[in-house]
1. Using 7 Å Cα-to-Cβ label points, what is the LYS87/TYR134 separation (nm, one decimal)?
2. Modelled label-to-label distance, SER108 and LYS22, 7 Å Cα→beta-carbon offset: nm?
3. Let me know the charge dipole size of the range 10-66 about its Cα centre in debye, to the nearest 20, where only the beta-carbon of Lys, Arg (+1) and Asp, Glu (-1) is charged.
4. Taking amide H positions as placed 1.01 Å from N in the peptide plane, with prolines and chain starts having none, which residues 5 or more places from VAL62, or on another chain, fall under 5 Å of its amide H?
5. If amide H atoms are built 1.01 Å from N in the plane of the peptide, which residues on other chains or at least 5 residues away come under 5 Å of the amide H of THR96?
6. State, to one decimal in nm², a quarter of the convex hull surface area for the C-alpha atoms of the range 10-66, i.e. the direction-averaged projected area.
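Just so it is clear, none of the values below were taken in a lab; they were calculated from the coordinates. Every value quoted in this text rests on a predicted model; they were computed, and no experiment measured them. FYI the Cβ positions are ideal-geometry reconstructions off the backbone, even for glycines, and counts take in every protein chain you see.
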Amino acid sequence: MPEQPVHILLVEDDIVDVEAVKRAFAASKIDNRMTVVGNGYEALEALRGEHGHVPLPRPYIVLLDLNLPLMNGIEFLQQLRQDQELKSSVVFVVTTSDSHADMAAAYSFQVAGYFLKSSVERVSFNLPQMMKHYWRMVELPAGRRPSRMS
């Protein structure tokens, strides 16, 4: 079965962090399509195809900041896991919060990993490479939507 490209949903409100993630992926020669949204509401709309969004094609991985306006990352995870169509979404948290409470809350919603931005900045090459190896080694849920990724 041919490998399907993985779409990345980056849920991040800080433009500097968005650009850092894009640069890190480009430096690692990872050119997967990336959709960027600024809060949990927009992320759910992108995943569901609401309010003018085309539903995000599967397979996809969500890179989620926790400190977001309107709907924060933990609230997003709660909504995501309650949605029958989206509850199998693979989510990695990438945040500045080193709070044990935030980490425990995120893992209680079955995140695949929890990364601190401070450590990601020191090893900016490693996050994209880890993601690349992850989606090549792990079978991601295809769901009902066809993959339209290039």
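1. With each label point 7 Å from Cα toward Cβ, the separation is 2.2 nm.
2. 3.6
3. Working: 6 positive and 10 negative charges, 83 e Å.
Result for the range 10-66 is approximately 400 debye, rounded to the nearest 20.
4. The list, which skips near neighbours in sequence, is LEU9, VAL90, VAL91, PHE92.
5. Those qualifying (amide H under 5 Å, at least 5 residues apart or on another chain) are LEU66, ASN67, LYS117.
6. Details: hull surface 15.9 nm².
If you wrap the Cα atoms of the range 10-66 in a convex hull and average its projections, you get 4.0 nm².
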